[in-house]
Amino acid sequence: MTRGTELRNHQRELYYFRVRLTVAGSVALFLFLLLLARFVYVQVVQHEHYMTLAEQNRISIVPIVPNRGLILDRNGAVLAHNYTAFTLEMTPSKIGNLEQTINDLTALIEITPKDRKRFKKLLDESHNFESLPIRTRLNDVEIARFAANRYRFPGVEIKARLFRHYPLGQVASHMVGYIGRINDADLDRLEASDDLANYRGSDHIGKAGLEQSYEKELHGTTGFEEVETDAGGRAVRTLSRTPPTSGNNLTLHADLKLQQVAEQAFGNFRGALVAIEPKTGGVLAYLSKPGFDTNLFVDGIDPQNWDLLNNSPDKPMVNRAMHGQYPPGSTFKPFMALAGLELNKRTPSYGINDPGFYSLPGTSHRYRDWKAGGHGYVDLHKSLVISCDTYYYGLAVDLGIDNIFNFISHFGFGKKTGIDIEGERTGLLPSTEWKMKRFKQKWYVGDTVSVGIGQGYNLATPLQLAVATATIANSGTQMRPQLVRQIENSKTNVITPRLAETISVLPIKPENMALVRNALVDVTRPGGTAARASAGAPYAMAGKTGTAQVVGMKQGEKYVESRVAERHRDHALFIAYAPADDPKIAIAVLVENGGHGGSTAAPIARAVFDYYLLGKLPVRPVTDAADESEHD
């Protein structure tokens, strides 16, 4: 029994062993077949895919940033161009201790506290895998010193980069604008417009002015190089190259010398000036004062300079020409006069006896004229020449606010002019509908009175005033203002002019337009409010002075400029065109807290006219003190 039992157990064990061996062999065979299948799939089916990956490990695609297009004035003077310089750059994602690396670098290359602050600002705004400049414009000695020690600084390298340069600094800064480093908001816009691929390798993009508005023209097309690399990622040779296409060049209507004359004539005043060619809408000069050095933004502006610009009480970053909204003051009166004539509320012979104030019927409140005691008998012609407020108080009431709105809006007030740079504001031409929507209040007749002299709710930009003035100079034909005159294709050298664009032709009776234009000429002659500014000119000017209140006066209180803080003084305005019989240039000048238009703003316009029409240069700022005959 014992031997039999032992024999039977041995057989059972042998049986189970064979079963286990069969199962294990089957599993091994299955795994081998699975491995073989995977090997076939990878080596045969996926051969092309993995060959491509291997090739990509061996070959790097390096973008080549294109030259940015030039910006030139009408005579070919350069306002923006490029140059190449070497930059010390760091890629934070490849550096363990960033601060220690910077400290070690200072032993080789001077890195100032200003450089550190700018780098920190760029680091906060950028992704940590980006290459960021810690020092720009390295000299040959610094380049050689770093090259000898490069092995000590993984993640740090020297790159040759294109830099934008604005040779005139502050001159025309708000017109030309500037470029700056691409941020997340820029990336979102580029992705939305399907332009992101064209910005591979680019660090900068237009941020303001023409640099921003004509970004697509100026940027160009990015090129590429296929570079073979070794196992360490070092370039071995270039396999192929697709060259970049430079951006297109912009030629402006603006005259650089004219722009500089305007800047010099302004002196230390704040304000804005826009000069336009009436027949084409070409912008001959575009000034916002004070400006700023656009070169500060190219490398990324440092915090100290940004604070100085951003917190300055003079607000140099505000583009006053198109962002500044000011009461137009008495420069509004020529358009009111045309409204009165066209809507049959006034005739050339209609006149009033001006006692020096206006009162609404049934009220005792007096709206004062600028001249105590009044101007005596005043008809429409005289009302413009001497700038009689009383005449326009009454005219505004007779017209009514909605008639004023409907007629004067055709000159471009209360809406954008459509100039070819971004950020334009609309100003404000009030109406009953606007007040109800804005304040949930009805319009009162008393609101209308001050609108007649360009005060009250009225607001206009200097650009709007220039366009409206050019429309009168052009006998009612309104042209869209344009800064860019032509675009030159950098690849084909083909020049494409930007055609003049007519916005509208106002159906104003020629005799009414002639009446107002003749009065504007007499504004600049003896007895007119701009007589002193035009004295001795060998050409005839036509213009209108204006003074806009900054701080309201109490009833019966007299404005005395010397008793008012400088920044609370009235703004000075002047609109004009010349020569009066065949206008070549129309202008709007606004001097913040400048006092009177006739003595502060008009002389600036005269200096601009003298240069543009005669080639005469001013020798100093041209403003002087006002007298009573030049109140506006």
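The values are calculated or read from the model by the stated rules, or taken from the named source; none is laboratory data. Treat the numbers as computed from the prediction; the structure is a model and nothing was measured. Methodologically, a virtual Cβ is constructed for each residue, glycine included, from the backbone with ideal geometry; neighbour enumeration extends over all protein chains shown. Just the protein is used for accessible areas: all its heavy atoms, side chains included, with ligands, DNA and RNA removed. Shrake-Rupley method; radii C 1.70, N 1.55, O 1.52, S 1.80 Å.
The angle separating the long axis of helix 389-399 from the principal Cα axis of greatest extent in the chain is about 70 degrees. Among the listed options (1) 30.5, 100; (2) 36.0, 152; (3) 25.5, 78, the one matching Rg and Dmax of the Cα atoms in Å as calculated from these coordinates is (2). Each label was represented as a point 7 Å from its Cα along the Cα-to-Cβ direction; for Ala540 and Arg425 these points are 3.7 nm apart.
With the highest mean first, a sort of the peptides 239-250, 197-208, 439-450 on other beta-carbon atoms found within 10 angstrom per residue produces 197-208, 239-250, 439-450. Counted residue by residue at 0.36 nm each, then reduced by the alpha carbon distance between them, the extension gain from Asn268 to Tyr151 reaches 36.8 nm. Placing a label point 7 Å from the Cα of Glu125 along the Cα-to-Cβ direction, the residues of region 301-317 whose backbone N falls under 17 Å of that point are 301-311, 317.
Computed from backbone phi, the HN-Hα couplings of region 142-153 come to 5, 5, 5, 5, 6, 4, 6, 10, 4, 4, 7, 10 Hz, rounded to whole numbers (Karplus: 6.51 cos²θ - 1.76 cosθ + 1.60, θ = phi - 60°; Gly and Pro given as x).
Summed over the residues of the chain and divided among them, the accessible surface reaches 48 Å² per residue at a probe radius of 1.4 Å.
Counted residue by residue at 0.36 nm each, then reduced by the alpha carbon distance between them, the extension gain from Tyr15 to Trp434 reaches 140.7 nm. Think of region 320-375 as having a plus end and a minus end, set by charges on the Cβ of Lys, Arg, Asp and Glu; of Tyr367, Ala321, Ile352, Ala321 sits farthest toward the positive end of this dipole. To the nearest ten degrees, helix 47-58 and the longest principal axis of the Cα atoms of the chain are 60 degrees apart. Spacing of the modelled spin labels on Ser193 and Asn75, each 7 Å from Cα toward Cβ, amounts to 3.3 nm. Most tightly packed first, judged by the mean number of other beta-carbon atoms within 10 Å of their residues, the peptides 326-338, 69-81, 309-321 read 326-338, 69-81, 309-321.
The largest accessible area among Glu433, Glu226 belongs to the first residue in Glu433, Glu226, and the rest follow in falling order (1.4 Å probe, all chains).
Need one word for region 130-222: rounded, prolate or oblate. Basis is the Cα gyration tensor (sqrt eigenvalues a ≥ b ≥ c); a/c below 1.5 gives rounded, then a/b vs b/c decides.
Because a/c hits 1.5 or more and a/b fails to exceed b/c, region 130-222 counts as oblate.
Using the Cβ atoms and a cut-off under 14 Å, what net charge is assigned to the surroundings of Leu428, where Lys and Arg are +1 and Asp and Glu are -1? Within the 14 Å Cβ shell, the charges total +3.
Sequence-ordered 3J(HN,Hα) estimates for region 76-87 from the Karplus curve with 6.51, -1.76 and 1.60 and θ = phi - 60° stand at x, 5, 7, 9, 8, 8, 10, 8, 9, 8, 8, 10 Hz, glycine and proline given as x. Projecting the Cα positions of Ile408, Val445, Leu429 onto the charge dipole of region 396-457 (unit charges on Cβ atoms of Lys, Arg, Asp and Glu, taken about the Cα centre) puts Val445 furthest along the positive direction. With a Förster radius of 30 Å applied to the C-beta separation of Val445 and Asp582, the computed FRET efficiency comes to 0.10. Nearest 10 degrees is fine. How inclined is helix 333-342 to the longest principal axis of the chain, computing both from alpha carbons? Orientation of helix 333-342: about 70 degrees from the principal axis. Charge dipole of the chain (Cα centre as origin; +1 on each Lys and Arg Cβ, -1 on each Asp and Glu Cβ, all else neutral): 1060 debye, rounded to the nearest 20. Heavy-atom accessible area, probed at 1.4 angstrom with all protein chains present, ranks Met322, Met479 as Met479, Met322, highest first. Residues Tyr393, Tyr457, ordered by accessible area of protein heavy atoms at a 1.4 angstrom probe radius and largest first, appear as Tyr457, Tyr393. Applying 0.36 nm per residue to the separation of Arg525 and Ser349 and subtracting their alpha-carbon distance, the gain on full extension is 61.2 nm.
Measuring r between the beta carbons of Ser240 and Ile143 and using R0 = 30 Å, the FRET efficiency lands at 0.60.
Under 1.5 on a/c is rounded, so check that first for region 398-484, then, if it is not, pick prolate when a/b is larger than b/c and oblate when it is not; a ≥ b ≥ c are the square roots of the alpha carbon gyration tensor eigenvalues. Verdict is prolate for region 398-484. Using a probe radius of 1.4 angstrom, the carbon and sulfur fraction of the accessible surface of the chain is 54%. Placing R0 at 45 angstrom, the Cβ-Cβ distance between Arg200 and Leu614 gives a FRET efficiency of 0.30 after rounding to 0.05.
Any idea of Leu34's accessible area? Nearest 10 Å², probe 1.4 Å. Looks like 100 Å² after rounding.
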